[in-house]
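What follows is calculated from the coordinates using simple rules that are stated; it is not laboratory data. Just so it is clear, the structure is predicted and the values come from calculations on it, not from any experiment. We place every Cβ from the backbone using ideal geometry, glycine too, and count neighbours over all the protein chains shown.
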Amino acid sequence: MIKLTNLEKIYRTKEIETVALENVNLEVRNGEFLSIMGPSGCGKSTLLNIMGLLDAPTSGTVEINGVNTVNMNDKELAAFRNKQLGFVFQSFHLINSLNVLDNVELPLLYRKVSASERRKAAEAVLEKVGLSHRIRHFPTQLSGGQCQRVAIARAIVGNPDIILADEPTGNLDSKMGIEVMELLHQLNKEDGRTIVMVTHNEQQAQQTSRTIRFFDGRQVQ
Amino acid sequence: MIIHTLKIIWNQRRSNGWIFAELLVVAAILWSVMDSLLVDVCTYYSPLGRDISNVYRVNLGKMNPSTSGYVPDSLKETSDGEDLVRLVDNLRQAPQVDEACISYAACPYTWSTAWMSVTQAGTTDTTEVTDQFQCFRVTPSYFDVFRIKSEDGKTLRAVVEQNGGELVISKDMETKLYNGQSGMGRKLKWSATSTGTMTIAAVCNPIRRTEYERSEPCFYLLMRTDQDVVEEANNIPVQNMECLIRMKDGFRAEDMENFLQGMDDRLTVNNLYASSVTPLGNFRDTMLKDRRDAMMKKIILICFMLLNVFFGIIGTFWLRTQYRRGEMGLRVAVGSSRSRLEGFLYAEGISLLAFTAPLVLIFIINMLYFDMPDTVRLPYTWWRFTVTFGGTFLLLGLMIVVGIWFPARRIAKIEPAEALHYE
């Protein structure tokens, strides 16, 4: 499903060169729930961003669903992200000036989908994450857990195969964190979606099907 | 996508309200400035009705008894008026001179003006037709000197000489007196009680006094014969009469000194002499200097204001776009291409501007209702509205696009992962 080969990411400025990822080779299988762990600054989020085509590697290849994404142009990348990938961020990244329904509809806005279909799809996923009673609320009127559930709804509304979650419970208290993790497991088990999650939480990592660990830009386990 | 854009604008109405207010005020001021500037430009470049290039005024002097060569009245056989006619004939005969004329209160770019009231002959009701008009006393050759055309574009002098009559009226005077009907051949008199009448020999194009003024209804009272000139000149100090010459094409102002030397004693007739020659361009420069300076100050002020507005608008939209970098990163993450992202930002800015249009329109209607725009020099037409209203919004739109373009390009250049860090 996702295949990273000889991946390297180096951040260069005029004075210094920082190696964020070094010779990463990784394969994520279809339907897998993979967690990535490691100390801060070890390159976990960089790896996730490269998998999500939000950042380009310095060298190496990223293959998703059998498609090599390295030579894709901006438009192709945008369309690919829109159809194949869903993102869940630690800080939710909801647009505060849009209500819950409009936030969830956002990925469909970049497809040729009619307004009524968009609405129907958004309502369906909001029902799934248990927020159908909050569709007219704005993000500022929701709790952190609810915001993350909206973000998950937005990630799955376009029916992508892969969900990339960057510390999805990092900003939540333990109770809400458990709720969000339950939701992600449900998406993995019931819908068969592949999930790659960056986390600092050992307990959450143990619940996933596989855990890999990073240290100083290298995969150590 | 349009509804999505409108939703965002509406939901951000608190912060957008200030931008909306800023755009509204700027659009209203900009429209006022553009309208005023358009009137000035259109007035400046519209036809003057005459051509002063290569035209010179011969300044007249009269000797006094202490001057050598003074001819005492007892020895003189001619009047001052006859001397003037002879002097002008001498000038006309010079090969460098294209045409020469005599006039009174008719030299352009001088403050010398005469106003006369006239009324239509044969009309008992004088309330509508008696009015004051600027009056120029001229010989028919004046029309050749200034190349004034008839309303249908013919050489005015030829029309005047073909038709009998004492008057040439301007097109706007004809309109004022006869409401669109032809004035050719009609009769006018000085007042309702006058017995003598004057016939209109021709109608000329509207004549403007200066580049900054619109044309005023005016008429030329013809001095067809030398006797008419003599009579006029004998009524006033002869040196107050105007002697104007058009030099032939190719004659340069630097050649004037040689020309005057070549004329020698032909520039003196009895006690009357040509004291100097001044290009009419010099009169124009002197008369319009204050207006030009004022206009320059106005243009500098407008440029300064536009620069301020430019930076204000750009700054507002720049900050607004920078502030939303995180949102832009998210949009790219969920499937927007960078070009589409830029398009969205432009659409948002332009939509905000478009919302001000109805209010600016109401402002303009109010300004027109209170007669604030200058409709004297330039009538308010759909053309004028389109140019100023369209120009205002085009200029503001450009400012908004520039204000969005720089930060949007910067955001588009950075990787979405980095943009997502800004929240």
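Using the Karplus equation 6.51 cos²θ - 1.76 cosθ + 1.60 (θ = phi - 60°), what ³J(HN,Hα) coupling, rounded to whole Hz, does each residue of the stretch B:282-298 give in order, writing x for Gly and Pro?
Values per residue, Gly and Pro as x: 5, 4, 4, 4, 5, 5, 8, 4, 4, 5, 5, 4, 5, 5, 4, 4, 4 Hz.
Please report the spacing between the Cα centers of the stretch B:1-66 and the stretch B:130-152 in Å, no decimals.
32
Between B:E22 and A:N159, take the C-beta separation as r, use R0 = 45 Å, and let me know the FRET efficiency to the nearest 0.05.
Numbers: r = 43 Å, r/R0 = 0.96.
With R0 = 45 Å, the Cβ-Cβ based efficiency is 0.55.
Cα axis of helix A:100-109 to longest principal axis of chain A: angle in degrees, 0 to 90, nearest 10?
For A:100-109 against chain A, the angle is about 60 degrees.
Rounded to a whole number of µm²/s, how large is the Stokes-Einstein D of the protein assembly as shown at 37 °C and 0.692 mPa s, given Rh as the Kirkwood radius over C-alpha pairs? Show your work: numbers first, answer last.
On the way: Rh = 32.3 Å.
My calculation gives 102 µm²/s for D.
How large is ³J(HN,Hα) for each residue in the stretch A:50-57, as worked out from phi by the Karplus curve 6.51 cos²θ - 1.76 cosθ + 1.60 (θ = phi - 60°), to whole Hz, x for Gly and Pro?
Computed from phi, the couplings for the stretch A:50-57 are 5, 4, x, 6, 8, 8, 9, x Hz.
How many percent of DSSP beta bridges within the protein assembly as shown run antiparallel, rounded to 5?
Percent antiparallel among DSSP bridges in the protein assembly as shown is about 65.
Work out from phi, with θ = phi - 60° and the Karplus expression 6.51 cos²θ - 1.76 cosθ + 1.60, the ³J(HN,Hα) of each residue of the stretch B:87-92, listed in order in whole Hz, and give x for Gly and Pro.
Each residue of the stretch B:87-92 in turn: 4, 5, 4, 4, 5, 4 Hz.
Using only atoms on other chains, find how many Cβ atoms lie within 10 Å of each Cβ of peptide B:323-334 and report the average.
Working: counts 0, 2, 0, 4, 6, 0, 3, 10, 7, 7, 16, 17.
That works out to 6 on average.
Do you know the relative contact order of chain A, to the nearest whole percent, from alpha carbon pairs under 8 angstrom that are 6+ apart?
Numbers: 418 pairs, mean separation 67.8, N = 221.
After rounding, I find 31 percent.
Counting only C-alpha contacts under 8 Å and six or more residues apart, can you give the relative contact order of the stretch B:301-423 as a whole percent? The partial results should precede the final answer.
Details: 77 pairs, mean separation 73.2, N = 123.
RCO, the stretch B:301-423: 60 percent.
Rank by packing, highest mean first: peptides B:285-295, B:243-253, with packing defined as the count of other Cβ atoms within 10 Å averaged across residues.
Details: B:285-295: 12.8, B:243-253: 16.6.
The most tightly packed comes first, giving B:243-253, B:285-295.
Quote the FRET efficiency, to the nearest 0.05, computed for B:R92 versus B:D374 with a Förster distance R0 of 41 Å and r equal to the Cβ-Cβ distance.
Calculated transfer efficiency: 0.45.
List the residues whose amide H sits under 5 Å from the amide H of B:F133, counting only those 5 or more places along or on another chain, with H placed 1.01 Å from N in the peptide plane.
B:M116, B:S117, B:V118
Using amide H atoms built 1.01 Å from N in the peptide plane, name the residues 5+ places from A:F33, or on other chains, whose amide H lies under 5 Å from its own.
HN-HN under 5 Å from A:F33: A:I195, A:S209, A:R210.
Given labels modelled 7 Å from the Cα in the Cβ direction, how far is it in nm from B:D51 to A:E15?
Output for this residue pair reads 7.3 nm.
Relative contact order for chain B: what is it in percent, counting Cα pairs under 8 Å that are at least 6 residues apart?
Numbers: 635 pairs, mean separation 108.7, N = 423.
Relative contact order comes out at 26 percent.
What net charge do the residues around A:K44 carry, taking every other residue with its C-beta under 9 Å from that of A:K44, with Lys and Arg at +1 and Asp and Glu at -1? Can you show the working numbers first?
Details: positive: none; negative: A:D166, A:E167.
Here the charged neighbours net out to -2.
List the residues, sorted by chain then number, that are 5 or more residues from B:M223 or on another chain and whose placed amide H is less than 5 Å from its amide H.
B:V138, B:T139
Specify the angular offset, from 0 to 90 degrees and rounded to the nearest 10, of the alpha carbon long axis of helix A:174-190 from the longest principal axis of the alpha carbons in chain A.
Compared with the principal axis, the helix lies near 90 degrees.
For B:C42 and B:N235 in one chain, what is 0.36 nm times their gap in residues minus the Cα-Cα distance, to one decimal in nm? Please list the in-between numbers first.
Values: separation 193, 0.36 × 193 = 69.48 nm, distance 4.09 nm.
That works out to 65.4 nm of additional length.
What is the helix-to-structure angle for A:144-156, meaning the angle in degrees between its Cα long axis and the longest Cα principal axis of chain A, kept from 0 to 90 and rounded to the nearest 10?
With rounding to tens, the tilt is 80 degrees.
So if each residue of separation counts as 0.36 nm, and I subtract the Cα-Cα distance between A:A56 and A:E190, what length gain in nm does that give? The partial results should precede the final answer.
Numbers: separation 134, 0.36 × 134 = 48.24 nm, distance 3.20 nm.
Result for the pair: 45.0 nm of gain on full extension.
Where does each of A:M72, A:M197 land when they are ranked from fewest to most other beta-carbon atoms within 10 angstrom? Walk me through the numbers on the way to the answer.
Details: A:M72 17, A:M197 27.
Least to most surrounded, the residues fall as A:M72, A:M197.
Shielding of A:89-97 by partners, i.e. mean partner chain Cβ atoms within 10 Å per residue? Kindly include the intermediate steps, with their values, before the conclusion.
Details: counts 6, 0, 4, 2, 9, 3, 8, 3, 12.
Mean shielding by partner chains, rounded to a whole number: 5.
Which peptide among B:22-33, B:85-96 comes first, and what is the full order, when sorted by highest mean count of other Cβ atoms within 10 Å?
Working: B:22-33: 19.3, B:85-96: 17.3.
Descending mean neighbour count gives B:22-33, B:85-96.
I'd like the mean, over residues of A:150-160, of how many other protein chain beta carbons sit within 10 Å of each residue's own Cβ.
Numbers: counts 0, 1, 0, 0, 2, 2, 0, 1, 2, 0, 0.
Averaged over the peptide's residues, the number is 1.
Taking R0 as 60 Å, what's the FRET efficiency between B:E216 and B:N258 from their Cβ-Cβ distance, rounded to 0.05?
Details: r = 39 Å, r/R0 = 0.65.
Approximately 0.95, to the nearest 0.05.
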